[in-house]
Amino acid sequence: MSLLMKVGVVVGILMLAIAYITLAERRILAFMQFRMGPNRVGWGGVLQPLADAVKLLSKECIMPEQADKWMYRTAPVVSMAFALVPFAVVPFAQAFYITDINIGLLFIMAMGSVGFLGTIMGGWSSRSKYSFLGSLRALALMISFEVPMIMAMTGVIIFSRSLSMVKIVEAQAQYGWFVLLQPLAFVIYLLCGVAETQRIPFDMLEDEGSLVCGFHTEYSGIRFGLFFMAEYANMFMVAIVATVLFLGGWQRPFVSWPFFNFLSVIPSIFWFSIKVLALMFLYIWLRGTLPRVRYDQLIYLCWKILLPLSLINLMLTALYMLWGMNAWTFLALSIGSGLAWLWVYDKTQTLARSPS
Amino acid sequence: MAFLILAAIAVASAVMVVSVKNVVHSAFSLVVTLFSVGCLFILLRAEFLAATQILIYVGSIMILIIFALMLIDIKEANRQRRFHHQSKFVIGIGIILVIEIILFIIPRSEFIESPEKLIARTAEAGGNIQIIGQSLFTDFIFAFEFASIIILVAIVAAIFLGKQPTSIIKKSSVIKDSS
Amino acid sequence: MLADYVPVVLLLAIGLLIGVSSQLIGKLVRPDRPDPEKLSPYECGIEPEGDTLSPNAIPYYIYGLLFLLFEVEVLFFFTWAAVYQNMMLFAFIEITFFAFILFLGLIYAWLKGALDWRAG
């Protein structure tokens, strides 16, 4: 397949996926809250995303009078563009990826961190207190959670010996899904992913109770639409990276057991998309279930729980490789040490709270 | 070709950094500069360095600079004149640096290995990052461990400064005065 | 190797194009009827008060500093992880030392209360 065609297919499918995940989210949330959700446009609401797109395009774009005009216009473009770029290195199926670069994983993280700048640009340039505070808060949170996130990835890289997304998936044919070897890292990654994409329960960006709508309070019309699309593209990216790193990418389940070879009949793109969609459902489910966490609690979760835990996980993995200990022992050790750290942390909290 | 475009962007945005009146604008021009320098590293086949440049400089140092700008009174800072009498002095230093590069650095610098050989060796090791890892953990091990201690010192210093918020404000007002 | 990056540039261009063109196309169809009330920054319906860009980022700044330092360390872990299987024991000892110092830094920050949230 030629390069242009591949890029076209990926971008097209991504746009469709973003459009329909919003619909799916609204329907699922409605189902969880005993409502109907959008069901008027088309059969069961299937044309709702189209209607939303038309609405966003034809809506007036209000720009606050004091706004920094060019930065206000550029911010959504930056967010959108850098949310799209990481999809270049994703292996969607066996031998289907746009490009495979040597530093794939690091590249995704780097582009993500450029995308953060779109947030602060939007928050700063609209000259509104809510936007400004929202973007500052969100930025501090996103960068904080990046540290344990990268640390959690490192455990996987020890096994795969490469940062290339394709090689990471291929390495799992040998070791089995990395979630079995790195359960702690998987949990850390998922939590960080929720924070990075600013979803409930960690959505300090759009804390509507105290910040109205966070950094895009002043955005309306298609500019808001661009931020919205970028947010969902980022969500997909987090789910995809989790799939590639921990759930075997496009590999079938039980990949290291020849007994299940018959599963290979099903094309690899199916396995990939089912895993990504399952993770997306998890995110929507979290949003439907959990209340928002307080900001300081979230900061503590990052620095005092996830960061030490990811360090412990890394050292345990290094030990595992060095000694070649039993995989079950390793599994028990990493889960046990995770729980142990939580217990220690809980003790320090109780000590701090009790009047001495 | 790609080099020329990227270099032009880098230089143009660097000029913006010092000439734009609004401090936040100049901070974001610096983002563009650092990003295009990162892309230049890719042209040099230093992928890891490129990603690191973008992740560290654009992703964290720039965010830190922006946080620092939020600490100061931006309107007041924008009102300051950007160029004082030191501009002549700075131009002088710039000219001396350019002469130095042309006369001394370019003739004396040479590759430790020929580029072709290096590319072949990189491909053999599996990539840029593996080569860096190997040399970091064999030849430059002392520097590596020393780096960790430097970072520890930096953490201590950062906390010390952070414990006294007033000192940061004082420092930033010093920056404001000289900008 | 450089050819691997062409698609990246292409996707970046597409992303920028989507962003710019959707704003431009929107300009053709959307109404544009500004009035002073609409254009004032949103403050829950009250008249906007005081200066928007008041300096208040000190707690964020400290997290930013700590983040920068830890990020640098974490990137060293990446290079280490990629070659760990080739060097094993030696690399293990080195990284234990490195991680220990990182951990010391974290503990120091913790004890000094730098990780505690102080509303700005």
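The values are calculated or read from the model by the stated rules, or taken from the named source; none is laboratory data. This one's a predicted model, so the numbers in the text were calculated from it and none came from an experiment. Quick reminder, even Gly has a Cβ in these numbers, built from the backbone with ideal geometry, and neighbours come from all protein chains shown. SASA here: full protein model, heavy atoms, side chains in, ligands and nucleic acids out. Shrake-Rupley method; radii C 1.70, N 1.55, O 1.52, S 1.80 Å.
Just a few scattered comments:
- Annotation for A:Ser2 and C:Arg33: the two label points, set 7 Å from Cα along the Cα-Cβ direction, are 4.8 nm apart.
- Largest to smallest principal axis extent of the C-alpha atoms in the range A:116-169, angstrom: 47, 19, 10
- Estimated inter-spin distance, C:Thr96 and C:Leu12, nm [label 7 Å along Cα→Cβ]: 4.3
- Estimated FRET transfer efficiency when R0 is 56 angstrom, pair B:Ser135-A:Phe254 (beta carbons, to 0.05): 0.90
- Global form of the range A:64-113, assessed from the alpha-carbon gyration tensor, a/c cut-off 1.5: prolate
- Above 46 Å, the calculated P(r) of the protein assembly as shown contains 17 percent of its Cα-Cα pairs.
- Net length gained if the chain between B:Ala154 and B:Ile106 were fully extended (0.36 nm per residue, minus Cα distance): 13.9 nm
- In a reduced charge model with +1 at each Lys and Arg Cβ and -1 at each Asp and Glu Cβ, the protein assembly as shown shows a dipole moment near 800 debye about its Cα centre.
- Residue-normalised accessible area of chain A, expressed per residue, 1.4 Å probe, Å²: 38
- Percentage relative contact order, chain A, counting C-alpha pairs under 8 Å, at least six apart: 21
- Computed about the Cα centre, the dipole magnitude for chain A is approximately 340 debye when only Lys and Arg (+1) and Asp and Glu (-1) carry charge, each at its Cβ.
- Probe 1.4 Å, all protein chains present, accessible-area order of B:Asp139, C:Asp116, A:Asp346, A:Asp52, largest first: B:Asp139, A:Asp346, C:Asp116, A:Asp52
- Under the criterion of Cα pairs below 8 Å and six or more residues apart, the relative contact order for the range A:17-64 equals 28 percent.
- HN-Hα J in Hz across the range A:77-93 - Karplus 6.51, -1.76, 1.60, θ = phi - 60°, x for Gly and Pro: 5, 4, 4, 5, 4, 7, 7, 7, 4, x, 5, 5, 9, 7, x, 6, 8
- Total accessible area lost when C and A pair, probe 1.4 Å, Å² to nearest 100: 6700
- Rounded accessible area of A:Met63 (nearest 10 Å², 1.4 Å probe): 30
- Ordered from largest to smallest accessible area (heavy atoms of protein chains, 1.4 Å probe), the residues B:Ser13, B:Ser87 come out as B:Ser87, B:Ser13.
- Charge-dipole axis of the protein assembly as shown as Lys and Arg at +1 and Asp and Glu at -1 on Cβ define it, positive-most pick from A:Tyr130, A:Phe330, B:Gly127: A:Tyr130
- Between the range A:296-338 and the range A:106-183, the alpha-carbon center distance in angstrom: 19
- Charge-dipole axis of the protein assembly as shown as Lys and Arg at +1 and Asp and Glu at -1 on Cβ define it, positive-most pick from B:Val58, A:Ala51, A:Ala171: A:Ala51
- Using the Karplus relation 6.51 cos²θ - 1.76 cosθ + 1.60 with θ = phi - 60°, the per-residue 3J(HN,Hα) values for the range A:13-30 come to 5, 4, 4, 4, 4, 4, 4, 7, 5, 5, 5, 4, 4, 5, 5, 5, 4, 4 Hz, with x marking Gly and Pro.
- Probe 1.4 Å, all protein chains present, accessible-area order of A:Lys69, C:Lys27, A:Lys129, largest first: C:Lys27, A:Lys69, A:Lys129
- With the charge dipole of the range A:60-353 set up from +1 on Lys and Arg Cβ and -1 on Asp and Glu Cβ about the Cα centre, the Cα lying farthest toward the positive end among the listed residues A:Met237, A:Phe260, A:Val90 is that of A:Phe260.
- Virtual paramagnetic centre 7 Å along Cα→Cβ of C:Leu2, amide N under 18 Å, in the range B:22-58: B:36-51
- Span from the the range C:1-23 Cα centroid across to the the range A:1-44 one, whole angstrom: 23
- The range B:1-74 shape via C-alpha gyration tensor axes, a/c threshold 1.5: oblate
- Pairwise label distance in nanometres, A:Ala327 with A:Phe34, each label 7 Å out on the Cα-Cβ vector: 4.6
- An oblate overall shape is assigned to chain A, the ratio a/c of its alpha-carbon gyration tensor axes (a ≥ b ≥ c) being 1.5 or greater and a/b not exceeding b/c.
- The solvent-accessible area of A:Glu196, taken with every protein chain present and a 1.4 Å probe, is close to 30 Å².
- If R0 is taken as 60 Å, the Cβ-Cβ distance between B:Lys88 and A:Thr350 corresponds to a FRET efficiency of 0.40.
- Links that overshoot a 24 Å alpha carbon limit, given the list A:Lys6/A:Lys167; A:Lys69/B:Lys21; A:Lys6/A:Lys69; A:Lys347/C:Lys112; A:Lys167/A:Lys275: A:Lys6/A:Lys69
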